[in-house]
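Step one of this worksheet: look at the structure below.
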Amino acid sequence: MKNAEEINSALEAYADMVRRICFVHLKNRDDTEDVFQTVFLKYMLYEDSFESSEHEKAWFARVTINACKDMLRYFSRRKWVPLDVIAEEGEALDDTMEGILEVVLNLPEKYRNVIYLYYYEGYSAAEIAGILGRKENTIYTWLARAKTLLREKLGGDWA
Amino acid sequence: MNLIWESMKNIQATEKLKQNTLQYLNEQQRRKYRVRTRFVPSYALAVFGLLCLIGTAGGFVYSKPVSYISIDVNPSIELSVNRFGRVVYSETYSDEGKGITGQIPLKNVSYMQAINRLLNDDKYMKYLGKDSILVFTVISDRSEQILENLKSSKLLEKYSALTYTSDLSCMEEAHRHEMSFGKYRTYLELLEYDGSVTIEDCHEMTMGELRDRIDACAHGVQADNEKEHHGSGHHGKGNGCDN
């Protein structure tokens, strides 16, 4: 079991990433808090050590995406309205950013994941394949389709 | 930089979310421990349960400080840090200090974050002139780790901050004199060279002035010349008060 110092360091390093992945997937802040706590509980109970900080970061990304999927499966009948999720962020976002996020959040789930990991976290397709447990070619295909969808909605200057 | 990155950079974990998570993990740890002790003889369990109830009720673990960091320039500010490395109290003994702690949110963030907030604050930066000396004094079972974190900070390097350790008895004495333990440690260091200096004199002096007096006494040369020799990463054990 991880000690308090390790938990605190992990919280400082990965809290924002975990929060963003939750934002991309979940329906409201209560669900986010549930998943957020689940992820760090899994970290606290994780017995193995990480080879590097990159390994640890990828572990957090993978565990958070899986925890979000579990949460969505559990509440599969609840309707998800991206605008509500964005509205919960209040003044943190201006109109332009809200518009971009609305388009991103309306993408199918698998595209949301690759777009976030590729454009925000800066992972390569091969690394995303490792995190999501998919073939690299599949990630390239998803990225290409997601980019096409974003280009249709946002025009050519979004990346 | 791309628009996806731009649009998401402000989506961040709030301090409240982090705090709630730390408390949740604490509860889970305690629950796990309770399950493990299911087979302990019942009387021992009852005593243990009672101690747990008394010792860990509410946010006791979270709010209990285990380390202390005194940040002294003039004014002095003390941070009390819990086992998670988060600031649970900030204390100051001057009106100037109260003006700063009242303005900068230092609680419930990591001690490095609190120090960064302090050193980046415009009002506090006014005290960090070229003649001033910034001193960090640490009391902790994990002082080596805390000092290492402090020394790796670019901001501390920028201000050529000095770092020391001290102990709880020194802190108690310092607080009896309404002084931070960092400044009190420096007073004790000066006292070793100059027996005529009083705690009242020390109250009126900045850390830079105290340091100048110590250097002048120690090396017998003008304090101004001595300042050039102060570098970051200076590190010593507290004077006096050691048990």
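Give the lysines reachable from B:Lys123 as a straight Cα distance under 29 Å; neighbours fewer than 8 places away on the same chain don't count.
Here the lysines satisfying the reach criterion relative to B:Lys123 are B:Lys9, B:Lys16, B:Lys18, B:Lys98, B:Lys107, B:Lys151, B:Lys154, B:Lys158, B:Lys183, B:Lys227.
Under a Cβ-Cβ cut-off of 13 Å, what is the net charge of the residues other than B:Gln145 that fall near it, where Lys and Arg count +1 and Asp and Glu count -1?
Numbers: positive: B:Arg83, B:Arg142, B:Lys151; negative: A:Glu5, A:Glu6, B:Asp141, B:Glu144, B:Glu148.
Residues close to B:Gln145 contribute a combined charge of -2.
Quick check: the distance between the Cα centres of the range A:7-58 and the range B:80-142, to the nearest angstrom?
Computed from Cα coordinates, the inter-centre distance equals 28 Å.
Treating only the Cβ atoms of Lys and Arg (+1) and Asp and Glu (-1) as charged, compute the dipole magnitude of the range A:94-159 about its Cα centre; round to the nearest 20 debye.
I would put it at about 460 debye.
Return the long-range amide H neighbours of B:Tyr89 (sequence gap of 5 or more, or a different chain), with a cut-off of under 5 Å between placed amide H atoms.
Here B:Ser80 satisfy the definition.
To the nearest 20 Debye, how big is the dipole of chain A about its Cα centre, given +1 on the beta carbon of each Lys and Arg and -1 on that of each Asp and Glu?
Details: 21 positive and 28 negative charges, 206 e Å.
Result for chain A is approximately 1000 debye, rounded to the nearest 20.
Spelling out what I want: for every residue of the range A:58-70, take phi, set θ = phi - 60°, compute 6.51 cos²θ - 1.76 cosθ + 1.60 (Karplus), and round to whole Hz; glycine and proline get x.
5, 4, 4, 4, 5, 5, 5, 4, 5, 5, 5, 4, 4
Note down the net charge around B:Lys158, summing +1 for each Lys or Arg and -1 for each Asp or Glu among other residues with Cβ under 13 Å from its Cβ.
Values: positive: B:Lys130, B:Lys151, B:Lys154; negative: B:Glu157.
Once positives and negatives cancel, what remains is +2.
With the contact rule set at Cα under 8 Å and sequence spacing of 6 or more, what percent relative contact order holds for chain A? Walk me through the numbers on the way to the answer.
Details: 123 pairs, mean separation 37.5, N = 159.
For chain A, the relative contact order is 24 percent.
Peptide B:11-24: average number of partner chain Cβ atoms within 10 Å per residue? Write out the running numbers ahead of the final one.
Values: counts 14, 8, 12, 5, 1, 1, 10, 7, 1, 3, 11, 6, 1, 8.
Rounded to a whole number, the mean comes out at 6.
Net charge near B:Gly195: determine it from the other residues with C-beta under 14 Å of the C-beta of B:Gly195, scoring Lys and Arg +1 and Asp and Glu -1. If you can, show how the numbers build up before the last one.
Details: positive: B:Arg213; negative: B:Glu189, B:Glu192, B:Asp194, B:Asp201.
That sum, taken over residues with Cβ under 14 Å, equals -3.
No value in this document is a laboratory result; all are computed from the given coordinates. Just so you know, these numbers come straight off a predicted model, no measurement behind them. Neighbour counts are summed over all protein chains in view; Cβ atoms, including those assigned to glycine, are modelled from backbone coordinates with ideal geometry.
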